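Take a look at the structure set out below.
Coordinate-derived values only; no laboratory data. Remember, predicted model here, so these are calculated numbers, not experimental data. All Cβ positions, even for glycine, are placed from backbone atoms using ideal geometry, and neighbour counts span all protein chains on display.
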Amino acid sequence: MKRGLSRVGSIILIILIVLILAAYFVVKNVVLKGSEERTLGKYTLNLEISQVQIIENNSLLVMIKRNQGKGKFVGIDFTIEDGKDKEVIRTNDSLEELESRVVLLNLRVINVSKAKKISIEPVFKLESKKEVSGNIEDEYTFGSSEDSSGCIIYCPAEYQCGDDGCKGECAGGCTEQGHTCIDHKCIADLETKCLETNITINEISNIGTNFSVTLSRNGGGEEIGGVKLLFADEIESSNFVADIEGNIAPSESVIKYITILEEHLENPKKVRTMVYFVDDSGIEQLCERSDSFSF
């Protein structure tokens with residue numbers, strides 16, 4: 001009986017030791033984590049939302065300001081709420097003290113027109129490389145008195161034109177004649193593209209029904225959809241159209257090989273080029289301007 005009691009006592013002692021060690025490591029990790037978060041600035045960092053503006057494509061512009069206060073963070077969690085759902089968007093933004101920055105948020109879950117509130121939390125990276133969110137630094141309520149703070153100018157470096165959010169034009173807008181702003185890029189209209197693009201035929205040679213055509217391009221920076229070659233006989237009583245698909249870069253010279261069977265066109269003697277562009281719908285837009293070549 002004494003042996004049994006001794007054995008039970010030993011087991012209880014071992015369990016107590018294991019529990020004490022487990023509790024020690026848990027407390028140690030919590031203390032270390034808390035200490036690390038204090039070092040990173042979880043309790044001293046001061047971020048605020050200066051302005052919020054709704055823009056096209058279900059997006060938000062949010063101006064963030066960092067006030068005085070120590071802290072090193074690697075990102076920001078933006079939480080957008082509509083009263084029913086939440087959407088969290090994490091960015092890799094980090095600001096220096098007293099710095100302000102505009103952040104673009106593209107919403108995927110919430111309809112921006114129904115958004116009621118947005119809040120921000122800094123994201124810290126621990127020594128373990130794990131990223132953790134801090135406390136909510138600031139909140140912004142749509143429709144409140146603070147919602148009338150003015151507009152936010154937003155023009156990324158790649159924008160060539162378009163609304164800057166404050167009734168102005170990014171980069172001064174499209175000032176070149178014949179160019180229109182589409183998706184913040186200055187795009188030439190068809191007439192302008194056709195006038196600027198010149199595809200010429202340098203040489204044509206053939207062996208029987210196999211033709212070799214050397215084409216070169218001068219001018220124009222827009223990508224073309226291709227070139228149509230209109231072959232005809234001496235009196236132009238019949239013709240044959242060959243479609244050379246794909247872009248030809250400015251100053252580039254290419255050789256294309258075409259077979260014209262006699263049943264399609266007998267004795268070709270002339271050819272005319274017709275450049276075309278392809279619009280966003282995949283429709284070919286033909287240029288009226290052309291270059292002719294006799295051989």
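Which order do peptides 279-286, 182-189, 223-230, 171-178 fall in by mean Cβ count within 10 Å, highest first?
223-230, 182-189, 171-178, 279-286
For F231, F295, F240, what's the fewest-to-most ordering of other Cβ within 10 Å of each Cβ?
Listed from fewest to most nearby Cβ atoms, that is F295, F240, F231.
For a 31 Å ceiling on Cα separation, which of these pairs sit above it: K72/K117; K72/K114; K185/K270; K114/K167; K116/K185; K193/K256?
K72/K114; K185/K270; K116/K185
Stretched out fully, how many nm does the piece from T214 to T200 gain, at 0.36 nm a residue minus the Cα gap?
Stretched out fully, the T214 to T200 stretch lengthens by 4.2 nm.
Taking the number of other C-beta atoms within 10 Å as the exposure measure, put H264, H179 in order starting with the fewest.
Ascending Cβ contact count within 10 Å gives the list H264, H179.
Give me Y140, Y257 ranked fewest to most by other Cβ atoms within 10 Å of their Cβ, as a rough exposure proxy.
In order of increasing Cβ crowding within 10 Å: Y257, Y140.
I need the calculated FRET efficiency for the pair E234 and L190, taking r as the beta carbon distance and R₀ as 35 Å, to the nearest 0.05.
So the FRET efficiency works out to roughly 0.60.
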